[in-house]
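Have a look at the structure below before the remarks.
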Amino acid sequence: MPSDLSLSDKAKLVAAKRACEFVHDGMKLGLGTGSTAAWMVRCLAERVNKEGLKVKGVPTSIQTADLAEELGIEVITLDSAGQLDLTIDGTDEFDGDLNLIKGGGGALLREKIVATASDKIIVIADNGKHVERLGRFPLPVEVLSFGLKSSQFLIRSLLESQNVDSRIIKTRMLDNVPFVTDEGNYILDLYLGQIGDVAALNLALNQIPGVVENGLFVGLCDMVIVGSPDGTVTEKTKGPNLKL
């Protein structure tokens, strides 16, 4: 392990290395987005280049696609891949039921499409991402740019009936203009404090006209691998040990 890494990066790296041990020759993989997932792509590329591991990756963002191709991982589209064997991704939060908040990097739509097309999903994280209840991290909601104010109003109205601590909604900005996703949409960040019923909120948000997808990943994750700066990892699963 490089000695100049931050404690956070050390934790991400060991979690990423462990996750890549679940990758076998010939697999079709979903490749996540974000700083933690970038460590996974680097670890996977190391196996590809040193061991001759043959895999095909479906990236969840342009950023991940560029990194994977640069490092020698074969990149394909989800349409050509069909069903995926495994997706490895990071998370912004996870709870004891392995429900997630994702989308801090702005790729939640592609991430959820790829996740639902995968037989298994492994999430890598440091222990700071583990929460008793989701909601401390702002919940991203991807929306059409058309009717943005209307979508905000409808989401705010919905939140009045939800068990959340706060109802602040902010349009995500970048350089003083709205952040635009790879699909050309905007993101509204919902500052909720904590979410009482993640399944109900997930379903309700996606019924709102103008909402494309939200960052709640409910019942999708099979394992969370939590890395620590001292090099140890902890595996959290919903049931028996993950078999691939």
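Laboratory data are not the source of any read-out in this text; all were calculated from the coordinates shown. What you see is a predicted model, and the numbers here were worked out from it, not measured in a lab. Neighbour counts are summed over all protein chains in view; Cβ atoms, including those assigned to glycine, are modelled from backbone coordinates with ideal geometry.
Taking amide hydrogens as modeled 1.01 Å from N in the peptide plane, which residues meet the under 5 Å criterion relative to residue 90, leaving out close sequence neighbours?
33, 37, 124
Can you give the extra length, in nm with one decimal, that the chain gains between residue 76 and residue 6 once fully stretched, where that is 0.36 nm per residue apart less the Cα-Cα distance?
Here the answer is 21.9 nm.
Quick one: what Rg and Dmax do you get for the chain from the alpha carbons, in Å?
17.7, 54
Could you pull out every residue, at least 5 positions away or on a different chain, whose amide H is within less than 5 Å of the one on residue 212? Hs are placed 1.01 Å off N in the peptide plane, and Pro or chain starts have none.
142, 143, 144
Taking the inverse of the average 1/r across all pairs of different Cα atoms in the range 139-210, what Kirkwood radius in Å do you get?
Its Kirkwood hydrodynamic radius stands at 12.5 Å.
Please go through the range 32-103 and write out the trypsin sites (Lys or Arg not before Pro) that DSSP classes as loop and that have at most 14 other C-beta atoms within 10 Å.
Counting only loop positions with at most 14 other Cβ atoms within 10 Å, the trypsin sites (Lys or Arg not before Pro) in the range 32-103 are 54.
The range 91-181: which chymotrypsin sites (Phe, Trp or Tyr not before Pro) are DSSP loop and have at most 15 other beta-carbon atoms within 10 angstrom?
Filter output for the range 91-181: 146, 179.
Give me a comma-separated list of calculated 3J(HN,Hα) values for the range 91-98, in order, Karplus coefficients 6.51, -1.76, 1.60 applied at θ = phi - 60°, integers in Hz, x for any Gly or Pro.
Each residue's phi maps through the Karplus curve to give 8, 8, 7, 8, 10, x, 8, 6 Hz.
Starting from the Cα-Cα distance between residue 69 and residue 25, subtract it from 0.36 nm times their residue separation and give me the gain in nm to one decimal.
14.0 nm
Determine the distance separating the Cα centre of the range 61-93 from the Cα centre of the range 133-173; give it in Å without decimals.
After rounding, the separation between the Cα centres reads 28 Å.
Residue 163 to residue 207: FRET efficiency via 1/(1 + (r/R0)^6), r the Cβ-Cβ distance, R0 22 Å, to the nearest 0.05?
Result of the calculation: an efficiency of 0.80.
On a 30 Å Cα-Cα criterion, which of the cross-link pairs 28/102; 10/54; 149/236 come out too long?
In this structure, 149/236 lie more than 30 Å apart at Cα.
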